[in-house]
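Below: the structure, in structure tokens.
The values are calculated or read from the model by the stated rules, or taken from the named source; none is laboratory data. Quick caveat: nothing in here was measured; it's all calculated off a predicted structure. Cβ coordinates were reconstructed from backbone atoms using ideal geometry, including for glycine residues, and neighbour counts include every protein chain displayed. The area values use the complete protein model at the heavy-atom level, side chains included, leaving out ligands, DNA and RNA. Shrake-Rupley method; radii C 1.70, N 1.55, O 1.52, S 1.80 Å.
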Amino acid sequence: MRKLIISLGTLALLTGASFAATAEGTVREYIPETKVVTLEDGKSYTIPQDVAVPAGLAPGVKVSINLDDDDITKVTSVTLSPG
């Protein structure tokens, strides 16, 4: 029983860490010149020059922004979410 609790606790921690490396939401504003995306929750993300911007990125579109596990301020990819 003790091993089961430890295993479940470890799984919960690892799962939480993976959620911390992704931001999801609806785009409130996208500025192509600076590659800054602002979500409706007010958080802004700057997309580095080496990261592709999906066609169709615009206000009102739902997105998933993946962040570096070691530096959660660094965007590693942006994808449009269905719906």
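Observations
- If you go through region 53-68 and keep only what is open to solvent by less than 60 Å² (accessible area, probe 1.4 Å) and farther than 14 Å from T26 by Cα, you end up with V53, P54, N66, L67, D68.
- Scan of region 26-52 for residues that are in a loop (DSSP other than H, G, I, E, B) and loosely packed, with under 13 Cβ neighbours inside 10 Å, ordered by number: P32, E33, T34, D41, G42, K43, P48, Q49, D50, A52
- Residues in region 26-79 that are of a type outside the set (D, E, K, R) and either touching a Gly at 6+ places or on another chain (Cβ under 6 Å) or in contact (Cβ under 8 Å) with a residue 40 or more places away in the chain (or both): V37, L39, S64, I65, N66, L67, I72, V78.
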